[in-house]
Every structure is written in structure tokens, then in C-alpha cells.
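**Student:** Starting off with a structure, shown below.
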Amino acid sequence: QAQVVESGGGLVQAGGSLRLSCAASGSMFSINAMNWYRQAPTKERELVAASSDVADTVYADSVKGRFTISRDNAKNLVYLQMNALKPEDTAVYYCKMQIKRTRWDAWSGYWGQGTQVTVSS
């Protein structure tokens, strides 16, 4: 069974930086999309950044120019570098990976447990 685990959250002052990491482990054949989402209290979960298997990237308008998604396919890792953080970036950040467990399986989405990012003003 594949699993996805995030790390790197914490408390930071406005204007600061954090880097989140997400690692996939377990039985896998291939990973396609690697995405970061976030969910603030009382709000719906939203896509923050996405990376395809050929490293095409997409960002939410609210984080463009401040956040950078990158991936290490050899290590099944995806990162989210967050700079110039704002209090409105405070949320639980989730990693989601599209994984095939075997050559014959369909793609399935695997979510991590989430990591808290808190930005103080």
C-alpha cells in the first residue's frame, strides 16, 4: 500500500519562508501528478500548486511569484517552497499524489495527513 507523508510545517512571521516536503513510500509502479492543497478554518480545501509528471506547473493566483513547487522523481518527493508568507497563508497544507500501484492499476489519489502552517502578523 502506498502512503504519502508531509513534513516541514510550523510557525513563521509574516514575510518569512518555509519549505514543505512530501514523500511517497510503499508499493508503487509510477507517480503522475504531485499537488499541494491547503485548507484554512471554515474554508474549502483549495489547490495551491500542481506539478505534472513532465514538471509542468500550475499555481493559485494568490501564491504566484511567492511559492515554488518542485519534485524529485527519483526519490518520490515533492517540495513547496513558500516565501514572503502572509497571515492569509495560514492553513493545513496537504500533499496529494496520483499513483499507480502496479502497471495494470488505474491512477489513484493518495493524500497525506496534512501539516499546519501558521503565519503570524
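The values are calculated or read from the model by the stated rules, or taken from the named source; none is laboratory data. Small disclaimer: the values here were computed from a predicted structure and weren't measured. Only protein heavy atoms, including side chains, enter the accessible area calculation; ligands, DNA and RNA are left aside. Shrake-Rupley method; radii C 1.70, N 1.55, O 1.52, S 1.80 Å.
**Student:** Using the alpha carbons of region 43-103, what is the convex hull volume per residue in cubic angstrom, as a whole number?
**Tutor:** Cα-based convex hull of region 43-103, divided per residue, equals 108 Å³.
**Student:** So what is the relative contact order for region 21-121, in percent, with contacts set as C-alpha pairs under 8 Å and at least six apart?
**Tutor:** Once divided by the residue count of region 21-121, the mean separation gives 32 percent.
**Student:** In addition: Give me a comma-separated list of calculated 3J(HN,Hα) values for region 35-41, in order, Karplus coefficients 6.51, -1.76, 1.60 applied at θ = phi - 60°, integers in Hz, x for any Gly or Pro.
**Tutor:** Result, ordered by residue: 10, 10, 10, 8, 9, 8, x Hz.
**Student:** For Lys86, give me every one of the lysines with a C-alpha distance below 27 angstrom, ignoring sequence neighbours fewer than eight places off in its own chain.
**Tutor:** Counting by Cα, and skipping residues close in sequence, Lys86 has these lysines nearby: Lys43, Lys64, Lys96.
**Student:** If you take the Cα Rg of the chain and divide it by 2.2 N^0.38 Å, with N the number of residues, what do you get?
**Tutor:** This ratio for the chain stands at 1.04.
**Student:** Here's something else I'd like to know. Hey, any idea what % of the chain's accessible area is carbon plus sulfur with a 1.4 Å probe?
**Tutor:** 48 percent
**Student:** Sticking with this structure for a sec: Please arrange Phe67, Phe29 by accessible surface area, largest first, computed with a 1.4 Å probe and ligands excluded.
**Tutor:** The ordering from most to least exposed comes out as Phe29, Phe67.
**Student:** Once phi is turned into θ = phi - 60°, what whole-Hz ³J(HN,Hα) does the Karplus curve with 6.51, -1.76 and 1.60 give for every residue of region 52-67, x standing for Gly and Pro?
**Tutor:** Computed from phi, the couplings for region 52-67 are 7, 5, 9, 6, 5, 10, 9, 10, 5, 4, 5, 10, 4, x, 10, 10 Hz.
**Student:** Multiply the residue gap between Ala74 and Ala106 by 0.36 nm, knock off their C-alpha separation, and tell me the result in nm, one decimal place.
**Tutor:** 9.4 nm
**Student:** On average, how much accessible surface per residue is there in the chain, in Å², for a 1.4 Å probe, leaving out ligands, DNA and RNA?
**Tutor:** Result: 53 Å² per residue.
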